[in-house]
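Below is one structure; the comments refer to it alone.
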Amino acid sequence: MKTHQYNLTVDWTGNRGAGTKDYTAYGRDFEISIAGKPTWKCSSDPAFRGDAEKYNPEEMLVASLSSCHMLWYLHLCADHKIVVEAYRDSPAGVMIENSNGGGRFIEVVLRPEVTVFGRNEQLGCDLHRLAHEKCFIANSVNFPVRVEPKIIVLE
């Protein structure tokens, strides 16, 4: 079994001078740094006092699921000699908050729209099922991830 390790740094940048003296005293901003890559400026969701102009962890989770699925799908299409001309997903995640302030995702729906050249639409859908089975991220979460693909076949 192969093992892969992912290292990064998360730095809180929201200290406004008083640290976490009280709940409203600090910002929810942080940066994610990975060696050799641009730094991401992030925050919490605006519902949790975050900056709407920055990426939040919930969005990044949905994006991770979508992009992992896409990368597997493209791999499988290449293996099956299906030429993908375009791929766009509009995923949506649903998170609930508990009365104690915690919460969890209850579902993510991926809605990939894929344009393929001259091949069977059914095979395109079958490869979405296989991509979902192989997706590292989808296999790591404890909530349903549904895939509702649309295949456009060009002649």
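Here are the numbers for the structure shown:
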| read-out | value |
| --- | --- |
| Rounded tilt (10° steps) of 121-134 against the dominant C-alpha axis of the chain | 40 |
| log₁₀ of I(q)/I(0) at q = 0.14 Å⁻¹ - the chain, Debye sum with one point per alpha carbon | -0.84 |
| Percent breakdown of C-alpha pair distances by 10 Å bin, ordered from the shortest bin, for the range 58-100 | 23, 40, 23, 9, 4, 0 |
| Size of electric dipole in the chain: Cβ of Lys, Arg +1 and of Asp, Glu -1, about Cα centre, debye, nearest 20 | 300 |
| Tally of Lys pairs whose C-alpha atoms are under 29 Å apart, taken over the range 26-155, 8 or more apart or cross-chain | 6 |
| Karplus 3J(HN,Hα) series, Hz, for the range 139-155 with 6.51 cos²θ - 1.76 cosθ + 1.60 (x for Gly, Pro) | 6, 10, 9, 10, 9, x, 10, 9, 10, 10, x, 10, 10, 10, 9, 8, 8 |
| For residue 95, distant residues with modelled amide H under 5 Å away | 106 |
| Cα-centred dipole magnitude for the range 9-48, charges only on beta-carbon of K, R (+1) and D, E (-1), debye, nearest 20 | 60 |
| Helix 57-79 vs. the chain, principal-axis angle (Cα, 0 to 90°, nearest 10) | 20 |
| Computed [θ] at 222 nm, deg cm²/dmol, the chain (DSSP H ≥ 4; -39,500 (n - 2.57); rounded to nearest 500) | -8000 deg cm²/dmol |
| Rounded to whole Hz, the Karplus (6.51, -1.76, 1.60) HN-Hα couplings of the range 28-43, x for glycine and proline | 9, 6, 8, 10, 10, 10, 10, 3, x, 10, x, 7, 8, 9, 10, 7 |
| Shape category assigned to the range 9-48 from the gyration tensor of Cα positions, a/c cut at 1.5 | oblate |
| Interchain or long-range residues, amide H under 5 Å from residue 30's placed H | 13, 42, 43 |
| 74, 8 arranged by Cβ crowding within 10 Å, fewest neighbours leading | 8, 74 |
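Each reported figure results from applying straightforward, stated rules to the coordinates on display, with no laboratory input. Note that this is a predicted model, so its numbers are computed, not measured. So basically every Cβ, Gly included, is an ideal-geometry build from the backbone, and we count neighbours across all protein chains shown.
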